[in-house]
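Here the structure comes first, spelled out in structure tokens, and everything after it is commentary.
The values are calculated or read from the model by the stated rules, or taken from the named source; none is laboratory data. Just so we're clear, the structure is a prediction, and the values are computed from it rather than from any experiment. Counting neighbours? That spans all protein chains shown, and the Cβs are built from the backbone with ideal geometry, glycine included. The protein model used for the area step is the full one, side chains on, heavy atoms only, and it has no ligands, DNA or RNA in it. Shrake-Rupley method; radii C 1.70, N 1.55, O 1.52, S 1.80 Å.
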Amino acid sequence: MATVEAGINVALVKYWGKRDAVLNLPAVGSVSLTLDRPGTRTTVRFDPAVSADRFVLDEVEADAERVTAVLDDVRARAGVSWRAEVFSANTVPTAAGLASSASGFAALGLAAWAALGLPADDPALVDVVRRGSGSAPRSLLGGLVELDRETGGVRPLLAPEAWDVRLVIAVTALGPKDVGSRAGMAASAETSPYFPAWVASHAADMAEARRAIDARDLPALGAVMEHSTLKMHACMLATVPPLFYWRPATLAGIETVRALRRDGVGAWFTCDAGPHVKVLCAAGDAPRVAAALAATEGVRGVDVARPGPGARVVGPC
Ligand code: PMV
């Protein structure tokens, strides 16, 4: 038995599309920031007396199919066949585009791994977690993280305390998104005429983000983040049928960020496969950015997050 807490992560250079659906390897690399919010807390308890996996999410019995796939991987590596009970709690709305699948699968994979006594530094853990969700390995590490396109592995770029930035999250709509990222990515790769251009232009964004992070150059990192975000959404919009993840409040939030910048405030936006607006800024600018977003039409709530730690075992239960 083991319990793990994992933070959500938000991509600055975005991931959209797979080059291997079975291993869940990405078509592009990505750079992310893990946040200090305890996105998911998960307890895994293996029990030889139990006949099927059980998954309880936010106190409700849930479909265990994707959980079982991850547990099967861990069981195979540990050479056991015991079934497990999994209790998981999210602090962000499930499937609302706030990246709860990333913290969820990072927490599940590491908890199962630790419960069966497998070594935490074994790189195979990343493969197990990635098969659950493509962005989940990034939540295994804290701060700024790179996920490599070729290996599917992750490496730390900057520890959480090394750069005092904030990510201001403007929640614009509640409820699950229309099309999940797995189905959306497959549709984009198949039908979006912009998908090949998205993949071809990605390496340059990765290089620019690495350079900007090394130099602690926030305007440069913000600019490449917005460029990557807008290319991803252009690719989504050109998918057949189109993937619209934005709502009027999303555009209003983006406009707020652009207006802040015209006023000399360093703030840059990103959006994922959902309607929320996430804004990168220096710690000192966060109160002004948060106030401007809170006053934006359609914004239902604002949260100011800091860089946070990677997934960690917090106890047996
Ligand atoms: O890991 P998934 O399948 O939920 O995909 C995440 C995709 C985006 O959030 C849109 C971008 C990213 O890199 O996190």
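Odds and ends about this structure:
- Candidates per trypsin sites (Lys or Arg not before Pro) in segment 254-317, loop by DSSP, up to 13 other Cβ within 10 Å: ARG300
- Surface composition of segment 154-227: carbon plus sulfur atoms contribute 59% of the solvent-accessible area (1.4 Å probe, protein chains only, all chains present).
- The label point for ARG261 and the one for PHE244, both projected 7 Å from the Cα toward the Cβ, are 2.5 nm apart.
- A P(r) calculated from all alpha carbon pairs of segment 1-144, with 10 Å bins opening at zero, reads 13, 45, 34, 8, 0 percent.
- Stokes-Einstein translational diffusion, segment 115-181 - Kirkwood Rh over all Cα pairs, 0.692 mPa s, 37 °C, in µm²/s: 227 µm²/s
- Rel. contact order, % - alpha carbon contacts under 8 angstrom, at least six apart, segment 162-305: 41 percent
- Semi-axes of the equivalent ellipsoid for segment 162-305, Cα gyration tensor, largest first, Å: 26, 21, 11
- Potential extension, ALA291-ASP20 segment - 0.36 nm per residue separation minus Cα distance: 93.3 nm
- Accessible-area value, GLU150, 1.4 Å probe, nucleic acids and ligands omitted, Å²: 120 Å²
- Alpha-carbon Debye profile of the chain, log10 I(q)/I(0) at 0.07 Å⁻¹: -0.26
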